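The values are calculated or read from the model by the stated rules, or taken from the named source; none is laboratory data. The structure displayed is predicted, hence computed values, not measured ones. Methodologically, a virtual Cβ is constructed for each residue, glycine included, from the backbone with ideal geometry; neighbour enumeration extends over all protein chains shown.
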Amino acid sequence: MSSKPTHQESIAYRLTEILRRLNEGEKLDPQVLVEEFGVNLRTIQRDLNERFSFLELEKKEGVYSINRMRLGTLNFKDVQRFASLAGLQGLDPRLSTDFLKSILDYRIQIALLIRGHNYEDLRGKEQLFNQLKHAIEECHAVSYEYLKPAGSKLVEAVRPYKLVNQDGIRYLAATDAGQLKSYAFSKIERLLVWPETFTPDPAVVKNVNEEDSIWLNLKKPKWCSR
């Protein structure tokens, strides 16, 4: 018997379905959505009027549809990306318009990689997460304290490439003296972002993004440094 979806998963599924249908030209009746997703009318109205306000939806006789100028502008990969990254809602329970826009923004693709459908609860580390994401986007080296069983270790001037969600655990993929390593995000503290920037190595980017065997066949990356 399959387990009941979590509240987080239900929100991600609902928003993804609404986005997909709007993009395909469907006209959505809020009351029908209420019955389908098992939420109240106020929640659906917030989805359509606030969370998807950047789509400039049209409302006629109580039914919502996407503006013709925007119809079909999202491709299948965009919707898939939305479905994967919607799990980041734990970092922003309000699911603001700016947050949803960022999910479909190219820049967030640079910093994040999602593999799997579970999500680590990172409440209390939102600021650190955003600082590290920004450092990746802008190609700044970083230093930080890394918590290990034997005590904290200072990790200096590594080059951050991606925040990877692997089976619900987030890792930082970074190079240290040219060697690719990963660090459990939950064990990173006292982040320092260096003003100097670096040029990403295309081979490292390809390795992190495309080496599925590293992520899918092992519980943690074979190059993981924990």
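Got a number for residues in segment 30-84 being in a loop (DSSP other than H, G, I, E, B), among the β-branched types (Val, Ile, Thr) and at pLDDT below 75?
The number of residues fulfilling the criteria is 1.
Looking at segment 129-146, can you tell me whether even one residue there is modelled with pLDDT of 90 or more and either part of a loop (DSSP other than H, G, I, E, B) or in the same structural domain as ILE11 (by TED's automatic domain parsing) (or both)?
Yes, there is a match, as at least one residue in segment 129-146 is modelled with pLDDT of 90 or more and either part of a loop (DSSP other than H, G, I, E, B) or in the same structural domain as ILE11 (by TED's automatic domain parsing) (or both).
Inside segment 11-40, can you point out the residues that are of a type in the set (Lys, Arg) and in contact (Cβ under 8 Å) with a residue 24 or more places away in the chain?
ARG14, ARG20, LYS27
Given the residues GLU138, GLU145, GLU156, which is the only one that is acidic (Asp, Glu) and within 21 Å of the chain's Cα centre (by Cα)?
Result: GLU138 is the single residue among GLU138, GLU145, GLU156 that is acidic (Asp, Glu) and within 21 Å of the chain's Cα centre (by Cα).
Is there a residue in segment 10-24 that is of a type in the set (Gly, Ala, Ser) and either in a helix (DSSP H, G or I) or touching a His at 6+ places or on another chain (Cβ under 9 Å) (or both)? Can you show your working first?
Here is the first cut: in segment 10-24, the ones of a type in the set (Gly, Ala, Ser) are 10, 12.
Filter again for either in a helix (DSSP H, G or I) or touching a His at 6+ places or on another chain (Cβ under 9 Å) (or both), leaving 10, 12.
Among the residues of segment 10-24, at least one is of a type in the set (Gly, Ala, Ser) and either in a helix (DSSP H, G or I) or touching a His at 6+ places or on another chain (Cβ under 9 Å) (or both), which makes the answer yes.
If we keep just the residues of segment 161-213 that are among the charged types (D, E, K, R) and in a helix (DSSP H, G or I), which is modelled with the highest pLDDT?
LYS187
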